Amino acid sequence: MLFQALLLTHLKCTRNRRGDYSSRGTGCVISQNSSPSSKTKEHQLLLLLTIHTPLPRIAFVLLGTNKKRETGAKFLEAVLSFYLCKINYILITNGHEFTYNALPKRIHTHKVHPFYQICYKLKISHRTINFRHPRTNGMVERFNHTIRNLVLDKYLFSSIFEMNGQLVEFVNRYNQEKSLESLNYVIPAQYLGEKKNIALQSIVM
């Protein structure tokens, strides 16, 4: 059986007081009218959560509005509904939406994170990347770079809905239409169908 793994990370996007959207901490600008350096209390934090599997190179995206623990659990549930192969292993970042590892010692908790609860229930092995070493999950970082170049830097967005639409459209085309050299120039959805006899669905907003 193919070994499956998911690598999760996020890009941070903010909305300024003029209503335009820009990224923060990722080196890209979503709207030419926005200013990533003009941090105000009116900024709204958005999380672009992504996965990219080693084989068959399936991608998935979901926009979240906060870094709460429920956001990571909701994302994993969406991934499991979309990606019908058995998932054995997950590599995640140390964000609060995925783990309690980054909590200060003074507020350390023995509670089990909702994301971990799902993993335990489904017997999915999981671990976090090393702190301050994003290259540990370099594959998904490269995919995020592709999203930045081909979507976030390319279009101007007037709303979260429009941004989400462009992201979903791009990832659906990637999964359903793009021939990849790493798969011997086979489309990811086609590869999944031939190897696992699973018809990959499209992401629906």
Practice task
Starting from segment 117-129, keep only residues that are hydrophobic (A, V, I, L, M, F, W, C) and at pLDDT 90 or above, then list their pairs with residues that are buried (at least 18 other Cβ atoms within 10 Å of the Cβ) and part of a helix (DSSP H, G or I) whose Cβ atoms are within a distance under 7 Å, requiring at least 6 positions of separation or different chains.
Solution key: I118/A73; I118/L76
Practice task
Hey, can you tell me all the residues within segment 173-190 that are hydroxyl-bearing (S, T, Y), touching a residue at least 24 places away in the same chain (Cβ under 8 Å) and either surrounded by 13 or more Cβ atoms within 10 Å (Cβ to Cβ) or in a loop (DSSP other than H, G, I, E, B) (or both)?
Solution key: Y174
Exercise for the section: Output the residues belonging to segment 62-99 that are within 27 Å of P188 (Cα to Cα) and basic (K, R). Expected result: K74, K86
Exercise for the section: Go through the residues of segment 40-59 one by one and say whether even a single one is basic (K, R), assigned to a loop (DSSP other than H, G, I, E, B) and closer than 22 Å to E141 by Cα. Expected result: yes
Exercise for the section: For segment 89-121, name all the residues that are touching a Ser or Thr at 6+ places or on another chain (Cβ under 8 Å) and of a type in the set (S, T, N, Q). Expected result: T93, N94, T99, N101
Completion exercise
Among the residues of segment 191-205, the number that are assigned to a helix (DSSP H, G or I) and either touching a residue at least 12 places away in the same chain (Cβ under 8 Å) or in contact with a Gly (Cβ under 6 Å, 6 or more places away or on another chain) (or both) is 4
Practice task
Answer yes or no: is there a residue in segment 60-69 that is under 19 Å from T128 (Cβ atoms) and at pLDDT 85 or above.
Solution key: yes
Handout entry: Among (1) closer than 24 Å to M163 by Cβ; (2) surrounded by 13 or more Cβ atoms within 10 Å (Cβ to Cβ); (3) modelled with pLDDT of 80 or more, the one test that S81 misses
Key = (2)
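The values are calculated or read from the model by the stated rules, or taken from the named source; none is laboratory data. These numbers come from a predicted model, not from an experiment. Neighbour counts are summed over all protein chains in view; Cβ atoms, including those assigned to glycine, are modelled from backbone coordinates with ideal geometry.
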